[in-house]
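Asker: First the structure, which I've put down as structure tokens, then a few questions once you've had a look.
The values are calculated or read from the model by the stated rules, or taken from the named source; none is laboratory data. The structure displayed is predicted, hence computed values, not measured ones. Using ideal geometry, Cβ is built from the backbone for each residue, glycine included, and neighbour counts are taken over all protein chains shown.
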Amino acid sequence: MSSLPTQSREPRHFLLGRMRAIERAAHRAMLEAIQEAGYPYMRMPHIALMAHMTTEGLRITELADLMQVTKSAASQLVTWLEGHGLVERVPDPADRRAALVRATHAADAGFRAARHRYAEMEDEWEQAIGPEGLAKLAATLSELESLRPRRRRSRQGRQA
């Protein structure tokens, strides 16, 4: 017996598509700023990885999970960025057999350029929807982010 509902539902607002479109436009604008700041070789996958950098560093498996890519894909990006001097692998103090990936000082100007462009975009959004609208949007997104999608309970085992 199928566990699919008898009636199909459709999203009412298709918000995820809209959020992704905004995210893609923001990433394109930040990429342009990064390229203008002296990193003309950077591409979208590179900034997607760099966006997850922390000062302490992350394991490649963590980066892959955050980016929703394979460990192999994340490793290739790290190797490429390492070759350009933008990231480095350092021993993980918690497990010396593992390595952490962290940004080098050579990436600092790119981070500054991306954050500056990001701040400009927030200013543009504030002009479009007003300070209260932007504050409400930020609060609403924070609230939605804190929710965890509930897992659907299996219908198996509930048959009479």
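Asker: Does residue 104 meet the test of being among the hydroxyl-bearing types (Ser, Thr, Tyr) and more than 21 Å from residue 22 (Cα to Cα)?
Answerer: Taking the combined requirement at face value, the residue satisfies it.
Asker: If you don't mind, there's one more thing I want to ask. Output the residues belonging to the range 50-90 that are modelled with pLDDT of 95 or more, surrounded by fewer than 19 Cβ atoms within 10 Å (Cβ to Cβ) and small (Gly, Ala, Ser).
Answerer: 72, 73, 75, 83, 85
Asker: If I filter the range 30-38 for residues that are surrounded by fewer than 14 Cβ atoms within 10 Å (Cβ to Cβ), modelled with pLDDT of 95 or more and not in a helix (DSSP H, G or I), do I get at least one hit?
Answerer: Looking through the range 30-38, at least one residue is surrounded by fewer than 14 Cβ atoms within 10 Å (Cβ to Cβ), modelled with pLDDT of 95 or more and not in a helix (DSSP H, G or I).
Asker: Could you please find all residues in the range 68-93 being under 14 Å from the mean Cα position of the chain (by Cα) and not hydrophobic (A, V, I, L, M, F, W, C)?
Answerer: Answer for the range 68-93, where residues must be under 14 Å from the mean Cα position of the chain (by Cα) and not hydrophobic (A, V, I, L, M, F, W, C): just 68.
Asker: Only one residue in 123, 65, 108 is under 25 Å from residue 25 (Cα atoms), acidic (Asp, Glu), under 17 Å from the mean Cα position of the chain (by Cα) and not in a loop (DSSP other than H, G, I, E, B). Which one?
Answerer: 65
Asker: Can you pull out every residue in the range 73-100 that is closer than 13 Å to residue 49 by Cα and in a helix (DSSP H, G or I)?
Answerer: Hits for the range 73-100 are 73, 74, 75, 76, 77, 78, 79, 80, 81, 82.
Asker: Residues in the range 143-152: is at least one among the polar types (S, T, N, Q) and at pLDDT below 95?
Answerer: yes
Asker: Can we say residue 47 is of a type in the set (Val, Ile, Thr), in contact (Cβ under 8 Å) with a residue 60 or more places away in the chain and crowded, with 17+ Cβ neighbours inside 10 Å?
Answerer: yes
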